[in-house]
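For reference, the structure discussed in these notes is given below.
The values are calculated or read from the model by the stated rules, or taken from the named source; none is laboratory data. Source: prediction; values computed, not measured. Glycine also receives a Cβ, built like all others from the backbone with ideal geometry; neighbour counts cover every protein chain displayed. These area figures cover heavy atoms from the full protein model, side chains too; ligands, DNA and RNA do not enter into them. Shrake-Rupley method; radii C 1.70, N 1.55, O 1.52, S 1.80 Å.
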Amino acid sequence: MKRSVLLSILLAAGAASMAAQTPAAPKVVDILKLKDNLYVLTSSTPGNPATFSGGNVAVFITDGGVTLVDDKLAGWGQAVLDKVKSVTDKPITTIINTHTHGDHTGNNGFFGASVEIVAHENTKTNMEKMDAFKGDNAKFLPKKTYADKLTIGSGKDRIDLYYFGAAHTNGDTWVVFPALRVLHTGDAFAWKDGPLCDRNNGGSCVSFPRTLQKVIAGIKNIDTIIPGHSPMQTPKDLQMYQTFTADLLSHATNEMKAGKSVDEATASFKVDKYPGYKNERVKGSIQAVYDELKK
Ligand SMILES: [Zn+2]
């Protein structure tokens, strides 16, 4: 063997062992205190797989135990549990899944079948299609479901779950903590950008603004909103999001009728009048409207 070849093999082996010794980035989630008995395990915006842990998780501490709203991506269960343990000794007894996606349901299995899992009936149906809940893992599907409204607990521990129609999916739950005047929206209000309408799971960018209108009319006495994937919001922000989604729908509908392409309709939709809004996802929303109106 030539010396140069041997040297390069040794160098390659050295590089490989160094790579093996480099630890993966530690999985740590940040915690935000909203109230004495309500925390949020915060979300970064999806995009960077190394740091993206999943959606915003509400941690609600009641007399009977801890309720989580959503439970992040698979692999982040221990990080979630560690942060919950840093604020309470009580066990996690209930998980509410706002919708089917894996960045909101990924640790149902980690927390186990003894935790009561609650979701809208359509979300349970959507979850049954996921590999993560097939076979033996079906025991981690929601056991308690509802159609229009469900109340869990009472007094200061009360949680109200509402369904107002299709938006991000056809099973989006709106979770209200009435005593704290806080609303968790899941991804039906994920960010200040075009909505993701998951048509494979019954989502609808055509129904989206109408559903948000029903939410605004039907849920009162809220001060703070926990959105799906961005910092805390207010009811005024939700109102603006409703206006934004209605504007986007009417724009896309008109452009389609005028024979414009999705690219043309995207280029002519201006987000400037909506402070803080991005247009990174507008094209996807407009495409969803076109696909939906085409059929
Ligand atoms: Zn989602």
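Distance in nm between label sites at LYS134 and THR253, each 7 Å beyond Cα in the beta-carbon direction?
For the pair LYS134/THR253, the computed spacing is 3.9 nm.
Kirkwood hydrodynamic radius of region 178-242 from all distinct Cα pairs, in Å? Display every interim value, and only then the final one.
On the way: mean 1/r = 0.0821 Å⁻¹.
Taking the inverse mean of 1/r over all distinct Cα pairs, region 178-242 comes out at 12.2 Å.
In sequence order, what are the phi-derived ³J(HN,Hα) couplings for region 137-150 according to the Karplus relation 6.51 cos²θ - 1.76 cosθ + 1.60 with θ = phi - 60°, rounded to whole Hz, with x for glycine and proline?
6, 4, 5, 9, 6, x, 9, 9, 10, 8, 9, 10, 8, 9
Excluding ligands, DNA and RNA, what is the solvent-accessible area per residue of the chain at a probe of 1.4 Å, expressed in Å²?
Numbers: 13760 Å² over 295 residues.
Per residue, the chain has an accessible area of 47 Å².
Given the Cα atoms of region 65-108, and with Rh set as the inverse mean 1/r over their pairs in the Kirkwood sense, what is Rg to Rh to two decimals?
Details: Rg = 10.1 Å, Rh = 10.5 Å.
Taking Rg over the Kirkwood Rh, I get 0.96.
So for region 89-138, what are the equivalent ellipsoid semi-axes in whole Å, largest first, each being the square root of 5 times an eigenvalue of the Cα gyration tensor? Mind dumping the intermediate values first?
Details: eigenvalues 67, 31, 17 Å².
Taking √(5λ) for each eigenvalue gives 18, 12, 9 Å, largest first.
Go through 167-175, 181-189, 223-231 and give me the packing order, highest mean Cβ count within 10 Å leading.
Numbers: 167-175: 26.8, 181-189: 25.0, 223-231: 20.3.
Going by the mean number of other Cβ atoms within 10 Å, highest first, we get 167-175, 181-189, 223-231.
Calculated FRET efficiency, LEU293 and ASP89, Cβ-Cβ r, R0 41 Å, to nearest 0.05? If you can, show how the numbers build up before the last one.
Details: r = 53 Å, r/R0 = 1.29.
Efficiency computed from Cβ-Cβ geometry: 0.20.
So, with +1 on the Cβ of K and R and -1 on the Cβ of D and E, and no other charges, what is the size of the charge dipole of region 89-171 about its Cα centre, to the nearest 20 debye? Walk me through the numbers on the way to the answer.
Working: 10 positive and 10 negative charges, 29 e Å.
My answer is approximately 140 debye.
Tell me, how many Å apart are the Cα centres for region 109-130 and for region 21-83?
The distance from the Cα centre of region 109-130 to that of region 21-83 comes to 18 Å.
What are the ³J(HN,Hα) values, in whole Hz, obtained from phi via the Karplus relation 6.51 cos²θ - 1.76 cosθ + 1.60 with θ = phi - 60°, for each residue of region 158-169 in sequence order, with x given for Gly and Pro?
5, 10, 10, 10, 10, 10, 10, x, 5, 8, 4, 9
Grab the eigenvalues of the alpha-carbon gyration tensor for the chain, scale each by 5, take roots, and send me the semi-axes largest first in whole angstrom. Please list the in-between numbers first.
On the way: eigenvalues 233, 172, 66 Å².
Sorted largest first and rounded, they come to 34, 29, 18 Å.
Could you give the size of the charge dipole of the chain about its Cα centre, using +1 on the Cβ of each K and R and -1 on the Cβ of each D and E, expressed in debye and rounded to the nearest 20? Intermediate results must be reported in sequence, preceding the final value.
On the way: 34 positive and 30 negative charges, 52 e Å.
That gives the chain a dipole magnitude of about 240 debye.
Could you work out how far the C-alpha centroid of region 191-215 sits from that of region 226-295, in angstrom?
Result: 10 Å between the Cα centres.
If the convex hull of the alpha-carbon atoms of region 212-260 is projected onto planes in all directions, what is the mean projected area in square nanometres? Walk me through the numbers on the way to the answer.
Working: hull surface 16.9 nm².
Answer in nm², one decimal: 4.2.
Which whole-Hz ³J(HN,Hα) couplings does region 276-288 yield from phi under the Karplus relation 6.51 cos²θ - 1.76 cosθ + 1.60, θ = phi - 60°, glycine and proline marked x?
Per-residue couplings from phi come out as x, 8, 10, 10, 6, 10, 5, 4, x, 5, 5, 4, 5 Hz.
What translational diffusion coefficient, to the nearest whole µm²/s, does region 165-295 have by Stokes-Einstein, given a Kirkwood radius computed over alpha-carbon pairs, a temperature of 37 °C and 0.692 mPa s viscosity? Please list the in-between numbers first.
On the way: Rh = 14.8 Å.
Value of D from the Cα-based Kirkwood radius: 221 µm²/s.
May I have the extent of the alpha carbons of region 96-238 along their three principal axes, as whole Å values ordered from largest to smallest?
44, 37, 27
State log₁₀ I(q)/I(0) for region 63-146 at q = 0.16, 0.19, 0.22 Å⁻¹ as given by the Debye formula over alpha-carbon point scatterers of equal weight, solvent excluded.
One equal scatterer on each Cα of region 63-146 leads to -0.54, -0.76, -1.00.
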